[in-house]
1. Using 1/(1 + (r/R0)^6) with R0 = 25 angstrom and r between the beta carbons of Leu65 and Glu86, what's the FRET efficiency to the nearest 0.05?
2. Considering only Ala54, Leu28, Ala73, whose Cα is most displaced toward the positive end of the charge dipole of the range 13-135, charges sitting on Cβ of Lys, Arg (+1) and Asp, Glu (-1)?
3. Taking the alpha-carbon centroid of each part, what is the distance from the range 58-81 to the range 108-122 in angstrom?
4. Taking 0.36 nm per intervening residue step and subtracting the Cα-Cα distance, what contour gain separates Val128 from Trp48 on full extension?
5. Report the label-to-label distance for Val72 and Ile101 in nanometres (one decimal), using points 7 Å from each Cα along the Cα→Cβ vector.
Amino acid sequence: MSETNGAAPYPPRVQKSFSTLARDALDLAELQFKLFKLDSKAASRILWGTLILAAIGLALLVAALPLAMLAVAEALIENNGWSRMEALGMVSGGGILASAIAISLGWWKFKECLTAWNRSSEELTRNVDWLKSTLSSEEELPLPTSRKTFF
């Protein structure tokens with residue numbers, strides 16, 4: 001009994017071409033994974049630093065800011081003759097401004113962390129496009145253009 005079910009065996013060049021394509025696809029997948037690992041390490045360093053700074057800042061704010069703001073308000077009352085409402089309002093406005101600046105800086109650092117995966121995403125897009133064009137093409141295509149290797 002025939003194991004090919006009556007079909008002619010594949011020509012050697014088709015087998016070789018498919019084997020080359022599979023090897024290239026595996027190589028690209030391996031390189032993509034290595035790049036993702038490197039980008040993840042970079043992102044985690046940035047993220048941990050950001051989280052530590054945010055935690056320290058929040059702890060200091062919760063502990064000291066209300067007392068400091070009241071002290072400044074009392075100084076404005078005693079030294080400038082302001083009413084309690086004026087002094088507390090001015091100090092509260094300054095506190096809100098300072099917190100807005102701190103939140104903006106934290107958001108900026110957080111966005112920096114999110115961009116660490118751009119390189120992996122771009123490479124994955126290129127590799128998938130290359131694989132699609134290779135699979136849909138009859139002719140042999142070169143590998144994607146070489147870029148600097150980071151490992």
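1. 0.80
2. Leu28
3. A separation of 38 Å, based on Cα centres.
4. 25.6 nm
5. It works out to 1.0 nm between the two label points.
No lab work stands behind these numbers, since they all come straight from the coordinates. Because the structure is predicted, anything quoted here is derived from the model rather than measured. When we count neighbours, we look across all protein chains shown, and the Cβ atoms used for this are built from the backbone with ideal geometry, even at glycine.
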